[in-house]
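Chemist: Pasting a structure here, questions to come.
Please treat every number below as a calculation from the coordinates, not as lab data. As the structure is a prediction and not an experimental result, all values here were calculated from the model. Counting neighbours? That spans all protein chains shown, and the Cβs are built from the backbone with ideal geometry, glycine included.
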Amino acid sequence: MSNQNYLSIYAKSFNWAGFFLPKKIYFKCSALYDFCRVADNIADSNESIDIKKIKFIEFQNSFNNKNFNDPIIKNMWELIKEFDISLKVVRDLLDGINSDIKDNIKLDKKKDLLIYSYRVAGTVGLMMAKILEVSKKSSLKSAIDLGIAMQLTNISRDVVEDLNNGRSYINFNFEEIKSTIALAENFYKNSFYSIKEIPFRCRFAILVARRVYRKIGYKILNMKNLENYRKSGKIYVSNLEKIIETFLSFFDLIKLLLINKNDDYIQHDHFLINEKINLDERI
C-alpha cells in the first residue's frame, strides 16, 4: 500500500470512522481513497486547465496501461481484482472528476446534479461496499445512495468555495442549499438498513461515517439564512461533535440488530441516473 495516507490528510471525518475498521480493511479502503484523491487533486490544483487536462490524461493512461511502478495504480488494480469491481465504475469515477476540469461549470438540472454525484461519490460508495464484502444487489444500490448523500452534503457546504473556482453545482441561495440537504437526507435514509449487509466487524465504522457526515448538513441548516452561511466559512464537525455522533451510532447499531427490517422495500431514486448510466451493469 502507499506510504502516504491521503485519508488521514484530506478526509478527517472518514479517517475518524476508519478507526473502527479492522486494520486490514482500513488499509484497503485507504488504498481506494488514495486513488480517488490523486485523481481529484489534479482537477482541484491551481494549474491551468490545459496542464490539468494533460496530467489527467497521463493519469488515466497510467491506470489503463496498468503502470504498476506507481503504487497508487498497482493498489487500485489489486482491489479491482480481489473484490470484482467493475471497470465501468472506475471509469464513471474518472469521467466525473474529468468533468471538473473546465474553466466554468454550471449544473442546472437535478438530473445533472445526481449523475455528477453518482460519478464522483456514488461510485466510491459502491466500491467501498465491495471491499466490505457486500454482495446483495439492493444493498450495493444503497451504498451508491450513501455516496451520493455525502457528495450532496459536500456540495451544500462548499457553494462559496466552488463559485470562487468557477463551479456552480447548485444556485447560491439558501433555499436551494436547504433543498439539496433535503435531497441528501433522502439518500441517507435509503442507505440505513443496507448497513445490515455489512459484516458486523465493519458495520459500526460505516454508521459513524454516515452520522458524522450527516451532521454537516444539520449544521448548515442551523445557519438559518444565506448571510450566516456566508460568514460561517467552511463547516466542519468538531472532535467533540464526532465523539457525540460516535456515541449515537451505538444506538443505530442496536436498532439494526433489533428491528426486523432490510433494504428490500427501498425505492432507490436512481431513475434520472439510469437514463444515462445503467447502474445494474455496474453492480
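Chemist: Search the structure for amide H atoms under 5 Å from the amide H of R167, placed 1.01 Å from N in the peptide plane, and list their residues when 5 or more places away or on another chain.
Modeler: Sorted by chain and number, the residues that satisfy this are I105.
Chemist: Rounded to whole Å, give me the distance from the Cα center of segment 70-135 to that of segment 217-281.
Modeler: One Cα centre to the other: 19 Å.
Chemist: Which of the three applies to segment 140-283, rounded, prolate or oblate, going by the alpha-carbon gyration tensor with a ≥ b ≥ c and a/c under 1.5 meaning rounded?
Modeler: Details: a/c = 2.37, a/b = 1.30, b/c = 1.83.
The shape class here is oblate.
Chemist: Please give the charge dipole size of the chain, origin at the Cα centre, charges +1 on K and R Cβ atoms and -1 on D and E Cβ atoms. Round to the nearest 20 debye.
Modeler: On the way: 44 positive and 35 negative charges, 144 e Å.
The dipole of the chain has a size of about 700 debye.
Chemist: The list (1) 18.1, 55; (2) 22.9, 90; (3) 33.4, 132 gives values of Rg and Dmax of the Cα atoms in Å, and only one came from this structure; which label was calculated from it?
Modeler: Recomputing Rg and Dmax of the Cα atoms in Å here gives the entry labelled (1).
Chemist: Which longest run of the chain has no exposed loop site in it, a site being chymotrypsin sites (Phe, Trp or Tyr not before Pro) in a DSSP loop with at most 11 other beta carbons within 10 Å, and the site itself not part of the run?
Modeler: 20-264
Chemist: Top mean-square fluctuation among I259, I243, I57, Gaussian network model of the chain, C-alpha springs under 10 Å?
Modeler: The residue with the greatest mean-square fluctuation here is I259.
Chemist: I've got another one for you. Could you list L163, L93 so that the one with the fewest beta carbons within 10 Å of its beta carbon is first and the one with the most is last? Walk me through the intermediate numbers first.
Modeler: Values: L163 12, L93 23.
Ranking L163, L93 by Cβ neighbours within 10 Å, fewest first, gives L163, L93.
Chemist: Let me ask you something else. State whether segment 198-283 is rounded, prolate or oblate according to the following rule on the C-alpha gyration tensor (a ≥ b ≥ c being the square roots of its eigenvalues): a/c under 1.5 gives rounded; otherwise a/b larger than b/c gives prolate, and the remaining case gives oblate.
Modeler: Working: a/c = 2.44, a/b = 1.22, b/c = 2.01.
Oblate shape, in that a/c is at least 1.5 and b/c is the bigger or equal ratio.
Chemist: While we're looking at this one, here's another question. Provide the net charge surrounding G217, with neighbours chosen by a C-beta distance below 10 Å and charges set as Lys +1, Arg +1, Asp -1, Glu -1.
Modeler: +4
Chemist: With a ≥ b ≥ c taken as the square roots of the eigenvalues of the C-alpha gyration tensor of segment 1-147, please select rounded if a/c is under 1.5 and otherwise prolate if a/b is larger than b/c or oblate if it is not?
Modeler: oblate
Chemist: Which helices of the chain meet both criteria: a Cα extent of 20 Å or more along the helical axis and a mean Kyte-Doolittle score no lower than 0.5, with helices taken as whole DSSP H segments? Mind dumping the intermediate values first?
Modeler: Values: long enough: 23-44 (30 Å, -0.03); 49-64 (22 Å, -0.23); 137-157 (31 Å, 0.16); 174-191 (26 Å, -0.38); 200-221 (33 Å, 0.36); 239-258 (29 Å, 1.07).
Sorted by number, the helices that extend far enough and score high enough are 239-258.
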